[in-house]
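The values are calculated or read from the model by the stated rules, or taken from the named source; none is laboratory data. Since this is a predicted model, take the numbers as computed values, not measurements. Using ideal geometry, Cβ is built from the backbone for each residue, glycine included, and neighbour counts are taken over all protein chains shown. SASA here: full protein model, heavy atoms, side chains in, ligands and nucleic acids out. Shrake-Rupley method; radii C 1.70, N 1.55, O 1.52, S 1.80 Å.
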Amino acid sequence: MKAVVMAGGQGTRLRPVTSNQPKPMLPIVGEPMMQHILRLLRRHGFSDVVVTVQFLASVVRNFFGDGSDLGLRLTYATEQEPLGTAGSVKNAESLLPETFLVISGDAVTDLDLQEVVRFHREKGAAVTVTLKHVQDPLEFGIVIANDDGRIERFLEKPGWGEVFSDTINTGIYVIEPEVLSFIPPGEEFDFAHDLFPLLLAKGMPLYGCVAGGYWTDVGTLETYFTVHRDVLDRKVQLELPGFHMDGDLWIGEDAEVDPGARLRGPLYVGPNSRVERGAELREYTALGSNVVVKTGAFLHRAIVHDNAYVGASATLRGCLVGKNSDIASGATVDEGAVIADECHIGQGSVVNPRVKVYPFKTVDPGALVSQSIIWESRGSRGLFGDRGLAGLVNIDVTPEMAIRLAMAFASSLPKRSVVVASRDVTRTARIIKRAMVVGVNATGVHVHDLELAPVPMARFYARSARANSGLAVRTAPLDPASVELVFFDGRGIDVDVGTQRKIERIFYRDDLRRAFHHEIGELNFPARGREYYLGGMMNVVDAGAIRMRRPKLAVDYGFGATVLTGPPLLGQLGAQVLAVDAVLDEERAVLSPEQTEEHLRRLSELVRSSGSDVGVLFDSTGERVRLVDERGRLLGLSESLLAMINLVARTSPYPEVAVPVVTSRVAEEIVARHGGRIVWTRISASALMTAAEERGVSFAGAEGGGYIFPEFLAAYDGLMSVARLMELLARTQTTLATVVDELPQAHVARRDVAIPWEAKGSVMRRLLERSNGEGETIDGLKTYRGRDWACVAPHPQEPLVRVWAEAGSDDEAESLAGEFAQLVEELKG
């Protein structure tokens, strides 16, 4: 049987050490990753190997040649442009007339490949996927198979809310040649994303074989360090060149270690390397070939590639030094720092933790290098979360970082595109937004700057085709020291996961587009942005019905941006408004929980004393609202959502309403009573926006005061929510208190369970196994007991698992939530 080794990967997340070499050529304890893979194939009886190459293909071909040095016969299939995993194998179809095995050249593994082949033949499979249990499944494709091993479902690179297993696809496949006929020639096509779902839909036999042994995808620098530790600890069985000596020392052929040097294993010294008297090498250090370590140097958990030089009294801790680089005497390279190939780090200089120095750079003697070439504070979990990108101002989110992030976003757009920009009232949002405008213009993209404006206004500006996409900078709720950066597309909704990952790739690999002087984007300040927004709202709201009723409102603008749009709209609608905090004030616009409660208490008193029909508190960005009914009763978050759903259902024929999967079943009862249906979504706001954009959905909302009326804008809009609420109350000739009084009681409880990141996947897999495949996996796992239900979902940004439960009473809901929270506690152990 032939094997196919995929060796076309660029390894963008491993830059800068993969800037000038393919990822499979990155050394693991002195030898390229792909060489370890080829040795594994030879050990399991594969002698004929097809290597697919694309990025810097000549580097791979020149190193391995025909494979005879390894006892193999190598043939190369070259892609002229990236074709994806399946497309690259399709490109080699003429060389694969019989059953073949596919394996990545940039993984580290000692799996029993013959066991997988035997399993494939026993099952009569068209494709057998080698599976593995891992702690963090986010970066891999999750696979669900039945007891016989037949695959039932794939989910490629899920978010935490979609994690329902820790069983992942290793990218090692045994494939029948007829499967290649389903891959279009010359097109980018992936196994897990494109081919396997197609084969499942056609009913072809896909099986999963759970393999024992070691496997990891070396996708990040953190993983690269971890793999070296695992190899030296012998957790993975690789052939290490050289001699194994007492103290867990591996010494390569012709290496010279002075008796006066101090070595503490496990560690590796490559062939022809020299360690001088007085040098100290500590645990998990790995030197490539021809490395020189001078007297007095100290290395601990350091990885040093071929032909590097480490000067006298230099200090290397937990860092990576590329080939042909020089670390001069007295220099320090600290934890997580990466020095790429062909660099010179000057005498006495200091490279701070996590700094990355790209190839062919020189650091002057005595310099302090404190800024990474590639900014990175979140590691493999990515930049984006449920509320865009968030962080502390001038710590996580600096103006320099904001410029680069904006450039990455704009680089994903065609030149001459138009991006709309807005911010909230705070000076932190102002300075970060200004930096982002500079970044967008620098890529050749125009900016229409609305300056200080509610976020929904910017979203509507993009939706109305005046811009291709947009960005907004807002201060985080409850935390004036943090800022949130939001990116949205031409529909006015948050960019999808695919676009987020594209932005991240451009950002991390520093692939920023830089326009020539005559292509620099223009900066415009639209004069009528607010008029477009208010005019669009007036076009969809039944203003006549509202004016006839002449509603009386008590409105707390919370010192935020809605003070710019609320008064003119409510005036046009004929509402009588008692307004408070109707000025812009950056010091008071971001309310703490205690301040929010005080504002709501005062609003309740204003409603009662003024005889208002409704009380409204806007958040600082104009996206969410809190409501008070005419009795001065503050509505709970669930009550407000259900009241909105009730009003929409009563006034819409066959209504379709989108809500998160953890919303009370009362929502479904209300909508069903009026002949409609519920569209359940994932918990995130972006998922709700995407569902709202679908044809037929008349309303979407979530507990938290965020409501969406897609006819106008498929995103949260507090002002539109108030306008539509007045219209619905007018059309139904009822009051808000009456609507709330008619609602069935909802009893939903929630618990949070602290859990390590690495345990989330295994907990969700065990939960799914206990459920015997029953329940829903829209977001996490939702299981039913008659009409009662519980939903368990990993938190996307925190080391938490969230548990919701609904039952017939508050006590029963709390009990059910506690039961599942206890189950999560047991499973995480």
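Return the residues of segment 319-344 that are part of a strand (DSSP E or B) and either modelled with pLDDT of 90 or more or buried (at least 24 other Cβ atoms within 10 Å of the Cβ) (or both); say none if nothing qualifies.
Once the filter is applied, which keeps residues that are part of a strand (DSSP E or B) and either modelled with pLDDT of 90 or more or buried (at least 24 other Cβ atoms within 10 Å of the Cβ) (or both), segment 319-344 yields Leu320, Val321, Asp326, Ile327, Thr332, Val333, Val338, Ile339.
So which of Asp741, Asp752 ends up being open to solvent by 50 Å² or more (accessible area, probe 1.4 Å) and touching a Lys or Arg at 6+ places or on another chain (Cβ under 6 Å)?
Unique residue meeting the criteria: Asp752.
Any idea which of Ser289, Ser273, Ser313 is hydroxyl-bearing (Ser, Thr, Tyr) and farther than 27 Å from Leu14 by Cβ?
The unique qualifying residue is Ser313.
Restricting attention to segment 452-479, which residues are more than 17 Å from Gly388 (Cβ to Cβ) and open to solvent by 20 Å² or more (accessible area, probe 1.4 Å)?
Leu452, Phe460, Arg463, Ser464, Ala465, Arg466, Asn468
Test Val293 against the criterion of being crowded, with 21+ Cβ neighbours inside 10 Å and within 35 Å of the chain's Cα centre (by Cα), and give yes or no.
no
Tell me, which residue of segment 504-531 that is charged (D, E, K, R) and surrounded by 18 or more Cβ atoms within 10 Å (Cβ to Cβ) is farthest from Ala467 (Cα to Cα)?
Start the filter on segment 504-531 by keeping residues that are charged (D, E, K, R), which leaves 504-505, 509-511, 513-514, 519, 522, 528, 530-531.
Now drop any that are not surrounded by 18 or more Cβ atoms within 10 Å (Cβ to Cβ), which leaves 504, 509-510, 530.
Values: Glu504: 22, Arg509: 27, Asp510: 26, Arg530: 15 Å.
Per the stated criteria, the residue is Arg509.
Check Pro567, Pro593 and return the single one that is surrounded by fewer than 19 Cβ atoms within 10 Å (Cβ to Cβ) and touching a residue at least 40 places away in the same chain (Cβ under 8 Å).
Step by step, each of Pro567, Pro593 is checked, and only Pro593 is surrounded by fewer than 19 Cβ atoms within 10 Å (Cβ to Cβ) and touching a residue at least 40 places away in the same chain (Cβ under 8 Å).
Starting from residues that are touching a residue at least 60 places away in the same chain (Cβ under 8 Å) and polar (S, T, N, Q), keep the ones in segment 597-639 and report whichever is nearest to Pro744 (Cα to Cα).
Ser638
Identify, please: which residue in segment 706-763 is touching a strand residue (DSSP E or B) at 6+ places or on another chain (Cβ under 9 Å), part of a helix (DSSP H, G or I) and basic (Lys, Arg) and is, among those, nearest to Asp489 (Cα to Cα)?
Out of the qualifying residues, it is Arg724.
Looking at Leu316 and the list (1) without any contact (Cβ under 8 Å) to a residue 60 or more places away in the chain; (2) of a type outside the set (Lys, Arg); (3) in contact with a Phe, Trp or Tyr (Cβ under 8 Å, 6 or more places away or on another chain); (4) assigned to a loop (DSSP other than H, G, I, E, B), which single condition is not satisfied?
Result: Leu316 fails condition (4) only.
Please enumerate the residues belonging to segment 680-708 that are open to solvent by 10 Å² or more (accessible area, probe 1.4 Å) and either on the phi > 0 side of the Ramachandran plot or more than 24 Å from the chain's Cα centre (by Cα) (or both).
Arg695, Gly696, Val697, Ser698, Gly704
Out of the residues in segment 1-35 that are β-branched (Val, Ile, Thr) and more than 23 Å from Leu95 (Cα to Cα), which is most open to solvent (accessible area, probe 1.4 Å)?
First, the residues of segment 1-35 that are β-branched (Val, Ile, Thr): 4-5, 12, 17-18, 28-29.
Now narrow it down to the ones that are more than 23 Å from Leu95 (Cα to Cα): 12, 17-18, 28-29.
Details: Thr12: 31, Val17: 0, Thr18: 0, Ile28: 0, Val29: 1 Å².
Applying the filter and picking the extreme gives Thr12.
Please specify each residue of segment 715-725 satisfying the condition of being over 23 Å from Val486 (Cα atoms) and open to solvent by 10 Å² or more (accessible area, probe 1.4 Å).
Answer for segment 715-725, where residues must be over 23 Å from Val486 (Cα atoms) and open to solvent by 10 Å² or more (accessible area, probe 1.4 Å): just Arg724.
Restricting to segment 629-643, name every residue that is in a helix (DSSP H, G or I), open to solvent by 10 Å² or more (accessible area, probe 1.4 Å) and not aliphatic (A, V, I, L, M). Full working, then the answer.
Taking segment 629-643 as the starting set, the residues that turn out to be in a helix (DSSP H, G or I) are 637-643.
After this cut, where a residue has to be open to solvent by 10 Å² or more (accessible area, probe 1.4 Å) as well, the list is 637-639.
Within segment 629-643, Ser638, Glu639 meet the criteria.
If I filter segment 663-675 for residues that are closer than 20 Å to Gly718 by Cβ and either touching a residue at least 40 places away in the same chain (Cβ under 8 Å) or open to solvent by 40 Å² or more (accessible area, probe 1.4 Å) (or both), do I get at least one hit? Let's see the steps before the verdict.
Within segment 663-675, the subset closer than 20 Å to Gly718 by Cβ is 663.
If we keep only those that are either touching a residue at least 40 places away in the same chain (Cβ under 8 Å) or open to solvent by 40 Å² or more (accessible area, probe 1.4 Å) (or both) as well, we get 663.
Looking through segment 663-675, at least one residue is closer than 20 Å to Gly718 by Cβ and either touching a residue at least 40 places away in the same chain (Cβ under 8 Å) or open to solvent by 40 Å² or more (accessible area, probe 1.4 Å) (or both).
Whether any residue in segment 783-791 is in contact (Cβ under 8 Å) with a residue 24 or more places away in the chain and among the hydroxyl-bearing types (Ser, Thr, Tyr) is what I want to check.
No.
What strands (runs of 3 or more DSSP E), lying completely within segment 182-286, carry at least 2 residues that are more than 30 Å from Gly296 (Cα to Cα) and open to solvent by less than 20 Å² (accessible area, probe 1.4 Å)?
Those strands (runs of 3 or more DSSP E) span 206-210.
Contact list please: Cβ distance under 7 Å, first residue in segment 185-196 and touching a residue at least 24 places away in the same chain (Cβ under 8 Å) and within 19 Å of Asn169 (Cβ to Cβ), second residue among the β-branched types (Val, Ile, Thr) and in a loop (DSSP other than H, G, I, E, B), pairs at least six apart or on different chains.
Every condition considered, the pairs that remain are Phe189/Ile183; Leu195/Ile183.
Could you count how many residues in segment 586-628 are on the phi < 0 side of the Ramachandran plot and outside any helix (DSSP H, G or I)?
23
This table checks each residue for (1) more than 21 Å from the chain's Cα centre (by Cα); (2) in a helix (DSSP H, G or I).
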| position | (1), (2) |
| --- | --- |
| Ser464 | yes, yes |
| Gly470 | no, no |
| Arg474 | no, no |
| Leu478 | yes, no |
| Gly498 | no, yes |
| Arg501 | no, yes |
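How many residues, within segment 417-451, are open to solvent by 40 Å² or more (accessible area, probe 1.4 Å) and touching a residue at least 60 places away in the same chain (Cβ under 8 Å)?
Total satisfying the criteria: 2.
Report yes if some residue within segment 539-554 is part of a loop (DSSP other than H, G, I, E, B), in contact (Cβ under 8 Å) with a residue 24 or more places away in the chain, under 30 Å from Val590 (Cα atoms) and over 33 Å from the mean Cα position of the chain (by Cα); otherwise report no.
Among the residues of segment 539-554, at least one is part of a loop (DSSP other than H, G, I, E, B), in contact (Cβ under 8 Å) with a residue 24 or more places away in the chain, under 30 Å from Val590 (Cα atoms) and over 33 Å from the mean Cα position of the chain (by Cα), which makes the answer yes.
Based on this model, can you work out whether Arg501 counts as within 28 Å of Arg682 (Cα to Cα), touching an Asp or Glu at 6+ places or on another chain (Cβ under 9 Å) and either open to solvent by 50 Å² or more (accessible area, probe 1.4 Å) or without any contact (Cβ under 8 Å) to a residue 60 or more places away in the chain (or both)?
Judged against the criteria, Arg501 is not a match.
Suppose we filter segment 788-820 for residues that are open to solvent by 10 Å² or more (accessible area, probe 1.4 Å) and at pLDDT 90 or above; how many remain?
Let us first name the residues in segment 788-820 that are open to solvent by 10 Å² or more (accessible area, probe 1.4 Å), namely 788, 795-800, 802, 804, 808-812, 814-816, 818-820.
Those left that are additionally at pLDDT 90 or above: 788, 802, 804, 808-812, 814-816, 818-820.
The number of residues fulfilling the criteria is 14.
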